[in-house]
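Below is one structure; the comments refer to it alone.
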Amino acid sequence: VEASIPEPQREAWTKNQFDGFKNKDEFEKEVVRHVETTLARSMFNCDDVAAYSATALAFRDRLIKDWNKTQQRQTFTDSKRIYYLSLEFLMGRALDNAMLNVKGKDIAKSALDELGFRIEDIIGQENDAALGNGGLGRLAACFLDSMASLNYPAWGYGLRYRYGIFKQEIIDGYQVEVPDYWLDFNPWEFPRHDVTVDIQFYGHVRKSQDANGKTVANWEGGETVTAVAYDMPIPGYDTPSTNNLRLWSSKAASGEFDFQKFNSGEYESSVADQQRAETISAVLYPNDNLDRGKELRLKQQYFWVAASLYDIVRRFKKSKRAWREFPDQVAIQLNDTHPTLAVVELQRILIDKEGLEWDEAWAIVTATFGYTNHTVLPEALEKWPVGLFQHLLPRHLQIIYDINLFFLQSVEKRFPDDRDMLSRVSIIEESQPKMVRMAYLAIVGSHKVNGVAELHSDLIQTTIFKDFVKIYGADKFTNVTNGITPRRWLHQANPRLSELIASKTGGYDYLKDLTTLNKLEQYVDDKAFRKEWAEIKYANKVRLAKYIKSTLDITVNPAALFDVQVKRIHEYKRQQLNIFGVIYRYLQIKEMSAEERKKQAPRVSIFGGKAAPGYWMAKQIIHLINNVGSVVNKDPDVGDLLKVIFLEDYNVSKAEIIIPASDLSEHISTAGTEASGTSNMKFVLNGGLIIGTCDGANIEITREIGQENIFLFGTLSEDVEDLRHNHTYGKHAVDSGLQKVFDAITSGKFGDANDFGALVSAVRDHGDYYLVSDDFQSYIDTQKMVDEEYKNQEEWVSKCIRSVARMGFFSSDRCINEYAEEIWNIEPLAV
Ligand code: Z15
């Protein structure tokens with residue numbers, strides 16, 4: 001390719017290359033240039049927002065150079081690429097991450113200082129890119145960081161929502177949702193107005209004969225919406241590799257918003273068409289672990305999947321390889337079932353557009369895809385009514401029926417006498433109305449299916465996907481335990497701890513091989529080290545205390561134990577167990593004598609998290625937490641012994657402040673319900689201990705750090721089914737301690753008792769599905785142990801250090817290497 005450019009031209013290009021900045025002065029010049037030209041401002045009206053914009057643009061210029069080179073390298077070497085399809089990417093802020101990954105933060109800090117700005121203030125100007133709900137979306141963001149840092153040729157594909165997850169306000173104790181219009185100014189995205197794909201919806205299928213007499217399906221009519229690509233550079237840590245996240249935005253196809261209509265007086269209907277098209281990428285659905293089955297959501301899924309596949313296929317076709325080589329060049333990972341239509345779409349492209357035979361096409365499809373399952377909760381498993389498919393994607397429904405037919409035929413051959421099996425595993429559920437089971441389609445269309453922690457992977461293989469293990473054999477099913485990026489979740493969020501670790505482990509290389517943390521263990525008995533460690537934790541708690549003061553005007557004592565539960569609000573995550581425990585503690589304090597109170601360990605109970613707007617019970621939990629806070633926090637009997645804090649609008653950038661400040665974090669889901677959890681890893685990596693159930697990745701964390709370093713309690717997952725059964729058919733009395741809590745609530749101590757009736761009766765009268773009562777006593781006992789152990793600070797700090805030293809396994813780098821080897825069959829590209 002290079003040879004095709006004449007020598008003099010090439011020279012002109014090369015000698016004028018933009019080299020980025022290499023030192024503080026050059027960086028300063030870039031910032032001033034952006035302020036004065038790109039932003040058309042000057043030193044006289046450069047506020048923090050403008051300084052942020054200019055700084056971001058200077059780093060963006062630099063990233064884009066590496067980005068271009070990375071893409072060229074991937075093209076020239078014709079490497080296999082991994083495409084990570086996710087409807088959510090919970091990226092958070094980009095500037096701090098970019099500065100640290102390219103090792104330019106020190107330069108930026110001193111340059112901004114000279115120009116009259118504090119780098120923390122500048123970083124704080126950026127809106128979070130909050131294109132996700134919770135764990136699943138943040139996992140995708142950690143994976144992008146790891147894939148770039150490990151030099152894998154990888155692309156993310158998602159939707160460019162105009163509105164990310166809503167902003168949460170708390171008004172009178174209730175959650176109120178406010179739209180998140182984050183795109184106002186986003187220096188990190190590159191609109192690619194020349195990269196567009198027309199996406200078809202509705203219409204009908206007409207069969208015809210081609211020249212060879214073969215029947216071909218033609219999907220005709222309906223409407224067209226255009227997808228426009230927006231690219232975000234993803235810098236790796238300490239490597240020139242810069243990958244791409246491509247997000248699709250919807251707009252009316254040029255034929256739809258045309259001048260004819262415009263000129264013939266149909267202005268309004270023309271604008272309406274435009275708006276309808278833009279609706280597709282307008283908003284992120286705000287549900288976590290819940291499928292609501294809305295038509296627009298299915299439209300989002302097809303729009304995004306079809307645009308992405310068109311892009312992937314277009315890139316493959318440039319290589320002029322034979323179709324059978326497609327899986328050697330392309331791996332596609334389905335992040336949950338949301339992108340499962342990609343399986344059907346690729347089959348459609350191969351048979352309807354490229355003329356391949358079904359079997360040949362299907363072999364290519366199944367060799368290309370891998371599917372990650374993230375939940376066993378029945379209400380989260382996607383199903384779509386057949387009628388909706390018929391209407392929106394008629395050709396895809398036909399292909400799904402064919403996929404199912406061939407699949408069931410093969411099952412029948414292997415299990416000839418098992419009629420029941422056929423109806424159990426059918427992709428079509430024979431219900432009223434009939435439904436397409438997306439998880440089954442994803443399994444049938446992939447060569448590997450994985451869960452996200454050992455317990456979870458075992459559970460899917462023995463429960464919801466049991467029949468498929470019988471059909472395909474155990475090799476198709478595997479586990480890849482989740483991980484987190486230590487760059488954002490230690491180095492960026494906790495710079496002082498990162499520096500201390502670097503000073504003991506031989507520099508910052510531990511950020512590239514997290515198992516190096518094990519070197520810390522030899523310093524456990526080093527008094528000076530322990531002291532410095534404790535001071536850093538204290539400073540992080542002071543920072544959070546200041547944040548609490550400035551946002552809620554509540555004073556908390558940084559010497560108290562900070563007990564944190566931040567995550568989406570969900571009954572299965574059991575924030576209700578936590579707040580019932582807090583009430584129990586409060587009642588105990590109230591009963592104590594002044595003498596007894598002096599012996600109590602002071603505690604700050606910190607909550608944060610969003611409830612899905614339509615999830616009424618979750619909203620009741622938020623309301624109760626806030627009401628308990630307003631009673632407890634001003635009770636003079638209690639003082640510093642207990643404070644209850646609800647932090648508004650928990651998001652990635654707030655997590656970066658909260659997580660490093662925790663002494664104890666709560667991961668207390670009913671056993672068997674939390675597929676993995678990833679914040680558990682973040683908290684331990686930042687030197688906090690965990691109180692948790694034997695669920696998800698808690699189990700592997702325990703195995704790695706040692707059971708003496710974690711506070712486990714509660715029912716085991718293998719006992720859950722029986723307990724639930726007994727609740728329904730036997731007697732079950734509410735735990736006596738919990739009963740006192742319910743009495744306090746129903747007496748109106750925390751506001752109108754009617755407001756919380758549903759929370760109480762879910763446990764007392766309606767079968768206690770999440771086993772709150774069963775686990776209550778063991779939870780309280782374990783919290784008591786926490787209180788005792790926290791009094792011995794020397795021992796506590798030792799536990800924290802040992803835990804951090806043993807957390808190497810939970811890097812998303814380890815996790816991505818496992819995917820690369822076991823599922824994607826892909827190698828890093830040398831730089
Ligand atoms: C989500 O955030 C998760 C699973 C889902 O099925 C959906 Cl729709 C959203 C979470 C799991 O609840 C959590 O346990 C896991 O750590 C995370 O995905 C990443 O795998």
Query raised in the report: Does THR463 satisfy the criteria of being within 16 Å of the ligand (Cβ to nearest atom), of a type in the set (S, T, N, Q) and touching a helix residue (DSSP H, G or I) at 6+ places or on another chain (Cβ under 9 Å)?
Result: no
Report summary line: Those helices (runs of 4 or more DSSP H) completely within the stretch 317-398 that have 1 or more residues that are among the β-branched types (Val, Ile, Thr), in contact with an Asp or Glu (Cβ under 7 Å, 6 or more places away or on another chain) and in the same structural domain as GLN301 (by TED's automatic domain parsing) are none
Report summary line: Residues in the stretch 666-675 that are out of contact with any strand residue (DSSP E or B) (no Cβ under 7 Å at 6 or more places or on another chain) and more than 11 Å from the ligand (Cβ to nearest atom) total 3
Query raised in the report: Can you find a residue in the stretch 646-665 that is within 13 Å of the ligand (Cβ to nearest atom), outside the structural domain of ALA140 (by TED's automatic domain parsing) and not basic (Lys, Arg)?
Result: no
Query raised in the report: Which pairs do you get when a residue that is under 17 Å from THR55 (Cβ atoms), found in the stretch 122-145, comes within reach of a residue that is at pLDDT below 95 and within 16 Å of the ligand (Cβ to nearest atom), reach meaning Cβ atoms under 6 angstrom, with the pair 6+ apart or on two chains?
Result: none
Query raised in the report: Which residues, taken from the stretch 474-507, are free of Cβ contacts under 8 Å to residues at least 24 places away in the same chain and out of contact with any Ser or Thr (no Cβ under 6 Å at 6 or more places or on another chain)?
Result: ALA474, ASP475, PRO495, SER498, GLU499, ALA502, SER503, GLY506, GLY507
Report task. Scan (1) of a type in the set (Phe, Trp, Tyr); (2) within 16 Å of the ligand (Cβ to nearest atom); (3) touching a Leu at 6+ places or on another chain (Cβ under 9 Å) for the single condition PHE369 breaks and write down its number. Result -> (2)
Query raised in the report: Out of (1) without any contact (Cβ under 8 Å) to a residue 12 or more places away in the chain; (2) open to solvent by less than 10 Å² (accessible area, probe 1.4 Å), the odd one out for GLN275 is which?
Result: (2)
Query - Count of the stretch 774-810 residues which are in a loop (DSSP other than H, G, I, E, B) and surrounded by fewer than 18 Cβ atoms within 10 Å (Cβ to Cβ) - result: 1
Query raised in the report: Are any residues in the stretch 292-325 open to solvent by 40 Å² or more (accessible area, probe 1.4 Å), within 16 Å of the ligand (Cβ to nearest atom) and touching a strand residue (DSSP E or B) at 6+ places or on another chain (Cβ under 8 Å), and if so, which ones?
Result: none
Requested in this report: Tell me, yes or no, whether the stretch 811-821 has at least one residue that is over 21 Å from ALA141 (Cα atoms) and open to solvent by 10 Å² or more (accessible area, probe 1.4 Å).
Outcome: no
**Report entry** Scan of the stretch 564-596 for residues that are among the hydroxyl-bearing types (Ser, Thr, Tyr) and under 17 Å from ASN680 (Cβ atoms), ordered by number
**Finding:** TYR572
Query raised in the report: Going by the structure shown, is ASP467 over 28 Å from the mean Cα position of the chain (by Cα), at pLDDT 95 or above and outside any helix (DSSP H, G or I)?
Result: no
Requested in this report: Having 2 or more residues that are under 24 Å from the mean Cα position of the chain (by Cα) and surrounded by 15 or more Cβ atoms within 10 Å (Cβ to Cβ) is the bar; report the strands (runs of 3 or more DSSP E) wholly within the stretch 195-260 that clear it.
Outcome: 223-235, 242-252
Query raised in the report: When ALA439 is evaluated against the numbered criteria (1) buried (at least 22 other Cβ atoms within 10 Å of the Cβ); (2) of a type in the set (Gly, Ala, Ser); (3) more than 16 Å from the ligand (Cβ to nearest atom), which criterion, by number, is the only one it fails?
Result: (3)
Requested in this report: Determine if the stretch 32-54 includes at least one residue that is part of a strand (DSSP E or B), away from the ligand (no atom under 16 Å from the Cβ) and out of contact with any strand residue (DSSP E or B) (no Cβ under 6 Å at 6 or more places or on another chain).
Outcome: no
Query - Top-ranked residue of the stretch 275-291 - restricted to ones that are within 14 Å of the ligand (Cβ to nearest atom) and in contact with a strand residue (DSSP E or B) (Cβ under 8 Å, 6 or more places away or on another chain), ranked as modelled with the lowest pLDDT - result: ASP291
Query raised in the report: When you scan the stretch 676-703, how many residues do you find that are assigned to a loop (DSSP other than H, G, I, E, B) and within 20 Å of the chain's Cα centre (by Cα)?
Result: 7
Query raised in the report: Which residues, counting only those in the stretch 153-180, are more than 20 Å from the chain's Cα centre (by Cα) and of a type in the set (Ser, Thr, Tyr)?
Result: TYR174
Report task. Inspect all residues belonging to the stretch 426-437 and state whether any of them is at pLDDT 95 or above, in the same structural domain as ARG138 (by TED's automatic domain parsing) and part of a helix (DSSP H, G or I). Result -> no
Report summary line: Residue set PHE742, PHE713; condition under 28 Å from HIS623 (Cα atoms) and touching a strand residue (DSSP E or B) at 6+ places or on another chain (Cβ under 9 Å); output residue PHE713
Requested in this report: Output yes when any residue across the stretch 219-233 is under 17 Å from ARG93 (Cα atoms), among the acidic types (Asp, Glu), away from the ligand (no atom under 16 Å from the Cβ) and in contact (Cβ under 8 Å) with a residue 40 or more places away in the chain, and no when none is.
Outcome: yes
Report task. Could you list, in sequence order, all residues of the stretch 676-694 that are within 13 Å of the ligand (Cβ to nearest atom) and open to solvent by 10 Å² or more (accessible area, probe 1.4 Å)? Result -> GLY677, THR678, SER679, LYS682
Requested in this report: Could you identify the single residue in LYS731, LYS784 that is closer than 22 Å to LEU587 by Cα and basic (Lys, Arg)?
Outcome: LYS784
Query raised in the report: What is the number of the single condition among (1) at pLDDT 95 or above; (2) surrounded by fewer than 22 Cβ atoms within 10 Å (Cβ to Cβ) that ARG419 does not meet?
Result: (1)
Report task. Kindly list, by first and then second residue, each pair from a residue in the stretch 446-461 that is part of a helix (DSSP H, G or I) to a residue that is open to solvent by 40 Å² or more (accessible area, probe 1.4 Å) and of a type in the set (S, T, N, Q), limited to pairs with Cβ atoms under 6 Å and residues at least 6 apart or on different chains. Result -> GLU454/ASN479; SER457/ASN479
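The values are calculated or read from the model by the stated rules, or taken from the named source; none is laboratory data. None of these values were measured; they are calculated from a predicted model. Please note: Cβ atoms are built from the backbone with ideal geometry, for glycine as well, and neighbour counts cover all protein chains shown. Ligands, DNA and RNA are stripped out before the accessible areas are found, and what is left, the full protein with its side chains, is counted by its heavy atoms. Shrake-Rupley method; radii C 1.70, N 1.55, O 1.52, S 1.80 Å.
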